[in-house]
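Working notes, structure below.
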Amino acid sequence: MDKKTVIKVDNLSKQYRLGNIGTGTISHDINRFFAKIRGKADPFLKIGETNDRTKKGNSDFVWALKDISFEIQEGEILGIIGKNGAGKSTLLKILSKVTGPTTGSIKAKGRIASLLEVGTGFHPELTGRENVFLNGAILGMTKFEIKSKLDEIVDFAGIERYLDTPVKRYSSGMMVRLGFAVAAHLEPEILVVDEVLAVGDADFQKKAIGKMQDVSKSGRTVLFVSHNMSSIKSLCNRGLVLNNGMVDFEGEINESIAHYLSFSKNTSTVEKIVANGIEIANLSVIAGKNNIISSGGDCTFHFELKNTTLLDYKNIRVVYDILNEKGIHLFRLINQNDTDVLSIQENGKIYVSCTIPHLPLNEGTYFLSLRVKHGNTFLVNKDNILSFSVNTADYFGIGKVDKHSGSVLIKSSWRYND
Amino acid sequence: MKEMEKDDAWDIVIEPKSNLLTLNLKEVWRYRDLLLLFVRRDFVAEYKQTILGPIWYLIQPIFTAFTYFFILNKMGGIPTDGIPPMLFYMSGLTVWNYFSTSLTKTSDTFLANAPTFGKVYFSRLIVPLSVITSNLIKLALQFGLLIFFIAYFHFQNNNYSFNWHWQLIFLPIPIILMAGLSLGLGLIVTSLTTKYRDLKFALTFGVQLLMYGSAVIISLNNTPEKFKSILQWNPIANVVELFRAILLANHPIEWQGVIYSTVFLLVMLLIGIVIFNKTEKTFMDTV
């Protein structure tokens, strides 16, 4: 079926100025003005670097987004994924017309409603009812539309008793529920949602995700930003991965999540982590035979632990979490499940290795999170610190395991009695 | 395939530059409910948890007028154009207050609403328009008070009597002029303050000083000739004088001044809309 393109983003870029806006501003403005009347390009647009937070740049200007192009079809739920500072929020801001792009364009069919925050414009002195009307109108509904949906909204938010109480007396959860309820009853062709689901209890989150799925089933388009891979996964059907203001990957949602989890950590060795008086070096995944990690083979996680303090650390806990490429936590390995206690003396060095015999993982890419704990404090707490690939093998002794048999392979015995 | 796509099929086009002169009244109209809700919010929220509520709107001009009456008229001996001093000051203050509160609040459009503007798009012009509208309610209350004072002086004071005359139908003109002037100037100031906060201080200070040159407490006729020729170029002073001339008939309406103020208004409004349009797209980055 040929689907209609509803949003077309073309070479979109956004430049931000770093540092303070102050004394330099007037002179920049004057420079710009003279460049303009002489028919030259803006002198400050040229300089600018990619938005890598971690490195110190030379210029005062950065590109929060650079030459972003993509298209969205009608009825798609696009999950926008990326690290902090990758440009997700900037992209949403431009889409919701809160700020304009520096260059490039966005073209869209239909109304765009954005939900970058719930309860925008709520006035604490006004009652819940008054705020529903105010917030609805800010989001672009008419008074008539709101009136006809008021009962539904109140019902969805579950705050009927408090409807005529000023919202300053509401709990924060009630405020969020009311705000989301209003937004959920918008009927735009395109809905732009930032991480608003991070608030509210589990019950409400479920309700909210259900509501957004309904929205897309009715043929409308949703753009959704979240750091929560499981809500992205359950909601979206396509993904857009941003990195340093550029499109890194675009495609099917599971592939996008896998790509997001793997980029920048596609090495199977982490050279050094220095934290809280300890040093971890050469964290790596080592295969048993022929140096290939495969289903059913042995697999060892190994690192060197150095104590750089003058204290003795007794009973250090090491925890590995294994995640699959969809970001789902499969299982945990804890050194306390074993008998020996790991202690390290001042300035000591110990090789820590953990072996899984007969690795019960199917073909695919997996991620390792490492936590090192002493007492109640984390010495190291790193999510998805490295990834490793597992190759297919004859795990069950009945031929190669099918890729679609799930991430974890478990042997089972069956009995058939008459 | 490519050729089949029609470019004009897009409903929304987001681009770096927009046409600076588009007022987009269609969009303003689409958000008309929001305008009314903002007016209501301003009115309801301002006096919540006060005992006197909107009566404060009436207390303010009475006390201010009385202060001027006592200091300028009684002690300073400055004449009031043959009108009872209280009426003179109160009539001036009624239109002046409308202008000054509208201007100071519209000038705060971007700064005060940055949290909302940063999260959702709606026609930005709605906010300044709601300000001049909600101030109309205050104006109406204060105008009612003025009528009450006129009636009081008419029946109690032998030196003054109010005359009905056909020129009273012009009464909306000074109000519209004040609305337009405060909107135009407010749009300019608010757009510039997103980058240069200095203007915010200059404005509060400037508005205070401007009152003395706006015929609010000393009429143009009682100003020495030397200053009068300067003050005549103040569009606000012309409007204040117009309001008095219509309502209290202390002197004939000077249409020249009215035309000047109107032209001034149109120029300011034009400039205001241009800078406002230029600012609204990117002010979130500089505010």
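We did not get these values from a lab; they are worked out from the coordinates using the rules stated. Quick caveat, the model's predicted, so the values are computed rather than measured. Cβ: placed from backbone, ideal geometry, glycine included. Neighbour counts: every protein chain shown.
Assorted remarks:
- Mean-position separation - Cα centroids, the range A:376-413 and the range A:92-116, in angstrom: 42
- Backbone HN-Hα couplings from phi across the range B:66-72 [Karplus 6.51/-1.76/1.60, Hz, Gly and Pro as x]: 5, 4, 5, 4, 5, 7, 7
- Farthest toward the positive end of the dipole of chain A, out of A:I68, A:N282, A:H302, is the Cα of A:I68, where the dipole comes from beta carbon charges about the Cα centre.
- Taking each of A:K272/A:K349; A:K217/B:K119; A:K83/A:K211 in turn, the alpha-carbon distance tops 21 angstrom for A:K217/B:K119; A:K83/A:K211.
- Whole-number D in µm²/s for the range A:281-394 (Stokes-Einstein; Kirkwood sum over Cα pairs; 37 °C, 0.692 mPa s): 220
- Cα convex hull, the protein assembly as shown: 273 Å³ per residue, rounded to a whole number.
- Selection among A:H227, B:Y47, B:Q156 by position relative to the dipole of the protein assembly as shown gives B:Q156 as farthest towards the positive end (Cβ unit charges, Cα centre).
- From phi via Karplus (6.51, -1.76, 1.60), per-residue ³J(HN,Hα) for the range A:226-242 in Hz, x at Gly/Pro: 7, 9, 8, 4, 6, 6, 4, 5, 6, 9, 8, 10, 10, x, 10, 9, 9
- Going by neighbour counts of Cβ atoms within 10 Å, the residues B:S102, A:S389 line up, fewest first, as A:S389, B:S102.
- Rounded to the nearest 10 degrees, the inclination of helix B:32-46 to the longest alpha-carbon principal axis of chain B is 50 degrees.
- Positive-end residue of B:F110, B:N222, B:L171, charge dipole of the range B:95-225 with Cβ unit charges: B:F110
- Dipole magnitude (debye, nearest 20) for the protein assembly as shown, charges at Cβ of Lys, Arg, Asp, Glu: 920
- Cα-derived Rg over Rh, computed across chain A with Rh taken as Kirkwood radius: 1.04
- Each residue of the range B:149-159 was assigned a 3J(HN,Hα) from its phi angle through the Karplus expression (A = 6.51, B = -1.76, C = 1.60, θ = phi - 60°), giving 5, 4, 4, 4, 5, 4, 8, 9, 10, 6, 7 Hz with x at Gly and Pro.
- The GNM of chain B, with springs linking C-alpha atoms under 10 angstrom apart, assigns the highest mean-square fluctuation among B:I147, B:I175, B:I12 to B:I12.
- In this structure the amide hydrogen of B:T282, modeled in the peptide plane, comes within under 5 Å of the amide hydrogens of A:G100, none closer than 5 places in sequence on its chain.
- For chain A, relative contact order (Cα pairs under 8 Å, six or more residues apart, normalised by length) works out to 13 percent.
- Counting neighbouring Cβ atoms within 10 Å and putting the fewest first, the residues A:C299, A:C354, A:C236 line up as A:C354, A:C299, A:C236.
- Taking the Cα centre of the range A:269-390 as origin and assigning +1 to Lys and Arg Cβ atoms and -1 to Asp and Glu Cβ atoms, the resulting dipole is close to 160 debye.
- Rounded to the nearest 20 debye, the dipole size of the range B:25-76 about its Cα centre is 100 debye, using +1 on the Cβ of Lys and Arg and -1 on the Cβ of Asp and Glu.
- Ranked list, fewest to most other Cβ atoms within 10 Å of each Cβ, for B:W255, B:W233, B:W10: B:W255, B:W233, B:W10
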